[in-house]
Amino acid sequence: MTPEIILRYLHFISIFAIVGSLVSEHLLLKKELTRKEIKRLATIDGVYGMAALTLLAVGLTLWLGGYGKPSDFYSLNFIFHIKITLFATIGILSIYPTVFFIKNRKGSPDELVQIPKTIFMLLRLELLILFIIPLLAGLMAKGIGYFG
């Protein structure tokens, strides 16, 4: 296998892990959770974070490392820049839920914790943005948005 194929495979696996972990977090979220449940969410959120970092590292390698298309194909495409901005936005939106899960995972496992409505809203917004990115990737792959 060529390095490009391996990198693209890692890119796709990272995307699947991000989608799976965010959907899992959303499905497991309730108005009240025990600290044990919050600990589980924190673990899933950790998988999400690792997948996001892997996606970023592999994506940067594909973009700037000379694999596949030339870097100008991406650099000179405004849709690519929107895609990267949306990815960064998702990362920023995930900070508050991540900090909340980390802070509230310790203590008595059966103790109930109220989950702020903001966390529900942020997770849903992350998912919405996440489902826009593949559309942009498809447009970009067809050369739409290239201004070089």
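A few points about this structure:
- Those residues of segment 1-56 which are surrounded by fewer than 14 Cβ atoms within 10 Å (Cβ to Cβ), among the hydrophobic types (A, V, I, L, M, F, W, C) and more than 30 Å from Ser108 (Cβ to Cβ), in sequence order: Met1, Ile5, Ile6, Phe12, Phe16, Leu53
- Boolean, Phe87 is surrounded by fewer than 16 Cβ atoms within 10 Å (Cβ to Cβ), in contact (Cβ under 8 Å) with a residue 24 or more places away in the chain and either out of contact with any strand residue (DSSP E or B) (no Cβ under 6 Å at 6 or more places or on another chain) or among the hydrophobic types (A, V, I, L, M, F, W, C) (or both): no
- When Ile144, Ile129 are screened for being more than 20 Å from Val47 (Cα to Cα), out of contact with any Lys or Arg (no Cβ under 9 Å at 6 or more places or on another chain) and either surrounded by 14 or more Cβ atoms within 10 Å (Cβ to Cβ) or among the hydrophobic types (A, V, I, L, M, F, W, C) (or both), only Ile144 passes.
- Applying a threshold of 9 Å to beta carbon distances and a minimum spacing of six or more residues, or different chains, the list of pairs starting in segment 64-84 at a residue that is touching a residue at least 40 places away in the same chain (Cβ under 8 Å) and surrounded by 15 or more Cβ atoms within 10 Å (Cβ to Cβ) and ending at one that is assigned to a loop (DSSP other than H, G, I, E, B) and of a type in the set (Phe, Trp, Tyr) reads Asn77/Phe147.
Laboratory data are not the source of any read-out in this text; all were calculated from the coordinates shown. Remember, it's a predicted structure, so these values are computed and weren't measured experimentally. In this analysis, Cβ positions are derived from the backbone assuming ideal geometry, glycine residues included, and neighbour counts consider all displayed protein chains.
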